[in-house]
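Since the structure comes first, as structure tokens, the remarks are kept for the end.
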């Protein structure tokens with residue numbers, strides 16, 4: 001039951017992260033006086049990493065564990081490059097989609 005709650009949190013955070021990553025650049029086009037804050041991306045990364053750590057401790061499917069951790073790694077690379085060099089790479093989109101897929105698979109694998 002606890003893992004189902006973690007999967008729900010993980011799916012929600014990844015979807016919100018993906019929406020943020022897609023919509024926010026569009027908002028920068030409109031002159032609203034807002035700018036990109038990479039620390040928001042870092043917050044999503046930290047939430048995702050904690051949830052992935054707790055979820056992957058209990059699952060036995062090695063491929064699913066790999067999907068979780070590769071997705072977190074892709075997000076980490078993207079956020080790290082943004083924080084250090086202000087370089088925006090699309091790895092964050094792939095990582096967020098990977099987390100959504102991994103959490104969805106893990107959620108469906110639970111016995112109801």
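Every number here is computed from the coordinates shown, using simple stated rules; none is lab data. Please read all numbers here as calculations on a predicted model, not as lab measurements. For neighbour counting, all protein chains shown are included, and Cβ atoms are generated from backbone atoms with ideal geometry for every residue, glycine included.
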Next on the checklist: What do you get for the angle between helix 38-56 and the principal long axis of the chain? Use alpha-carbon atoms, 0 to 90 degrees, nearest ten.
Outcome noted: 10
Checklist entry - Where in the range 74-111 does the label zone of residue 59 land, with the point 7 angstrom along Cα→C-beta and an amide N cut-off under 20 Å? => result 74-77, 92-111
Item to check | Degrees, to the nearest 10: 62-85 long Cα axis against longest axis of the chain | outcome: 20
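Rounded, prolate or oblate, given the Cα gyration tensor of the range 47-95, with a/c below 1.5 counting as rounded?
prolate
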Checklist entry - Could you give the angle, 0 to 90 degrees to the nearest 10, between helix 91-108's Cα long axis and the longest principal axis of the Cα atoms of the chain? => result 30
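Return the calculated 222 nm mean residue ellipticity for the chain, to the nearest 500 deg cm²/dmol, obtained by summing -39500 (n - 2.57) across DSSP H runs with n ≥ 4 and dividing by the residue count. Don't skip to the answer; put the middle values down first.
Details: 4 runs with 89 residues, N = 112.
Using -39500 (n - 2.57) per qualifying helix, the result is -28000 deg cm²/dmol.
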